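See below for the structure under consideration.
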Amino acid sequence: MDGWLGVIIMIALGVGFAAVMIGLSLLLGPHNPTPEKLAPYECGMPAVGSARERHSVKFYLVAMIFLLFDIEVAFLYPWAVALRDLGWAGFVQLVTFFLILSVGYVYVWRKGVLDWGPAARAGRHAARRAA
Amino acid sequence: MFSSGIDAVVPMLCVTLAALAVMGAEAFRARGEQLPLGGLGVVGLVGAAISAVLLWNRNAVSFGVVVADNFGLFVTLVLLLVALLTIMFSSTVVRRDGLPAGEYYALVLFATAGMIMMATANDLLVVFIALEILSIAVYVLTGIRRDDSRAIEAAFKYFLLGAFSSAFFLYGIAFTYGLAGSTRLDRVGTYMAAQSMSGNPLILVALGLLLVGFAFKISAVPFHMWTPDAYEGAPAVVTGFMSTGVKAAAFAAFARVFLSVFEPFSGEWAPLVWLLAAATMILGTVVGVAQSNLKRMLAYSSIAHGGYLLVGLVAANQVGKAAILFYLLAYAVTNLAAFGVIALLGTREAANDELRDYAGLWHTRPALAALMTVCLLSLGGLPPTAGFIGKWYIFSAAVSAGYYGLAVIGVLTSVVSVFFYLRVVVMMYMTDRPAAIAPPPVSAVAMAALVASIAAIIALGILPTPVLDFAAQSIATIF
């Protein structure tokens with residue numbers, strides 16, 4: 001319990017300081033609200049419409065692929081640090097992992113997930129017709 | 001790290017390589033080109049089966065976390081059989097429904113690899129990874145018919161509740177790790193054996209969370225809510241795959257964790273599993289009676305069958321442990337064949353899975369009606385089928401372990417379940433008007449798979465001894 005006393009005092013001080021400052025500004029500050037001041041975002045263009053628009057499904061596909069290859073990189077860094085300790089066994093395991101992921105990469109590439117926009121799609125169709 | 005070799009992972013490696021080959025072939029497939037992707041998968045499955053047979057009795061361990069002991073290999077062989085039959089049934093369905101063949105077969109194979117991993121895992125974290133590998137593949141398979149709103153709904157429900165149950169399971173692993181300082185099953189087992197008298201409440205917390213996680217996956221009541229919707233919405237052949245493969249894999253891991261690691265605490269978990277088993281058998285049967293959709297009815301029936309398997313787990317004597325393995329095999333073949341018939345009777349436009357669609361099926365498709373009858377009799381547990389022998393051993397194990405109540409509930413619910421299985425048979429045979437549906441022709445491959453499963457059901461029912469001995473030997477090596 002002793003070890004935690006400092007933490008509790010710290011939390012109490014933090015919360016108390018914030019509460020006192022907000023309370024003081026409420027009590028002492030002038031209140032002249034205008035619509036501009038009450039807008040959630042005060043600089044730049046006025047907000048128009050909802051932020052929850054529909055996005056192309058392409059964004060989600062790219063986000064998913066990003067996640068997968070981000071994890072690959074998350075494995076790469078610790079491996080780079082511990083490369084010599086892990087030796088050939090670690091090398092073979094990591095390369096196997098990357099090979100499996102690269103099959104997935106080839107798959108999404110060939111499936112046209114990385115082709116962006118109608119121009120790329122039209123070009124692909126034209127190439128297929130020519131072939 | 002390679003000192004222990006990679007022998008134990010070879011079966012799942014074969015299946016994974018086949019899945020990757022299918023994905024690669026699909027990527028380089030020209031538009032409109034038909035590739036024998038199912039055949040590619042079968043090659044991988046056969047390779048995995050050969051390697052599993054070669055590993056028999058060798059107790060190979062890879063990386064310290066995957067053990068190919070005879071128990072794991074027996075379940076592996078059952079899972080490979082499930083995947084093989086699924087692919088054979090799928091050949092017709094994929095073409096008929098216009099499913100994306102490459103993705104479909106790759107997902108079936110990835111799910112199979114995850115199931116094999118789950119059956120042979122010797123580390124709680126590997127069990128979890130395997131659970132995720134198979135679950136994610138099966139979620140996608142459930143919703144693979146993107147033009148069917150029921151399938152989408154089923155996939156979404158299954159995904160949400162599956163993620164929920166994974167969280168329980170992971171939390172249980174976290175508690176176990178906090179207690180034992182390891183997730184390796186052998187080390188956790190050593191710790192638990194030493195703690196059996198301590199009465200540490202955290203052990204019960206870990207135990208309970210893991211139990212909930214497993215109960216979700218084997219759809220034991222009251223964690224079965226997702227099952228009827230997911231099983232009804234998915235394509236019938238996928239339902240067959242997930243009601244047998246996922247259940248077999250989850251049960252293998254369940255048995256491994258609870259019968260070995262938490263064996264010292266069986267006094268604590270046996271009453272809980274007793275309750276789960278009783279509730280599962282009763283609810284699965286009673287609600288199943290009221291269904292008018294055949295897929296939904298079989299979904300409840302598969303819940304009830306999960307209850308019978310739990311009886312074997314509670315009994316936990318030598319007969320019970322062998323009976324679990326035998327029952328898994330008998331149930332897998334039977335249920336898969338039943339869903340195979342349903343899948344083959346559907347068309348692209350209509351699933352034809354209402355009970356009334358089967359009225360007078362005998363007149364239009366006598367062969368399919370006869371095969372379906374054998375499946376239903378085996379599910380109901382009538383001799384001379386595999387289902388009868390399986391139930392016989394499960395209940396006799398319960399009696400010899402002193403669980404008379406469970407045995408009585410099991411027998412009574414079996415009798416009630418015979419009612420709804422026979423109702424389908426009566427519909428098919430004793431209705432004069434020909435079937436309302438015009439089922440499509442059945443491909444030779446799918447028919448061969450059906451006939452082979454029916455032959456296996458009857459063979460297991462008449463000559464169960466070799467397989468039972470096999471099961472008893474394979475389970476005797478570890479527990």
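Filtered by the rule that a residue be under 19 Å from B:M118 (Cα atoms) and either among the aromatic types (F, W, Y) or over 14 Å from the mean Cα position of the chain (by Cα) (or both), the range B:207-251 gives B:L207, B:L209, B:L210, B:L211, B:V212, B:G213, B:F214, B:F216, B:F241, B:F251. Tell me yes or no: at least one residue of the range B:344-366 is without any contact (Cβ under 8 Å) to a residue 60 or more places away in the chain and part of a helix (DSSP H, G or I). Within the range B:344-366, one or more residues are without any contact (Cβ under 8 Å) to a residue 60 or more places away in the chain and part of a helix (DSSP H, G or I). Inspection of the range B:61-78 finds a residue satisfying the criterion of being crowded, with 23+ Cβ neighbours inside 10 Å and of a type in the set (F, W, Y).
Pairs are defined by a Cβ separation below 9 Å, a sequence spacing of at least 6 or placement on different chains, a first member in the range A:70-91 that is within 14 Å of chain B (Cβ to nearest Cβ), and a second member that is polar (S, T, N, Q); the pairs so defined are A:L86/A:Q93; A:A89/B:S3.
Counting only residues that are modelled with pLDDT under 90, not in a helix (DSSP H, G or I) and not hydrophobic (A, V, I, L, M, F, W, C), which one in the range B:182-199 is surrounded by the most Cβ atoms within 10 Å (Cβ to Cβ)? In this case the residue turns out to be B:S196.
Applying the criterion of being in a helix (DSSP H, G or I) and surrounded by 17 or more Cβ atoms within 10 Å (Cβ to Cβ) to the residues of the range B:141-156, the residue that is farthest from the chain's Cα centre (by Cα) is B:A151.
The values are calculated or read from the model by the stated rules, or taken from the named source; none is laboratory data. Fair warning: this is a prediction, and the values are worked out from it, not measured in the lab. In this analysis, Cβ positions are derived from the backbone assuming ideal geometry, glycine residues included, and neighbour counts consider all displayed protein chains.
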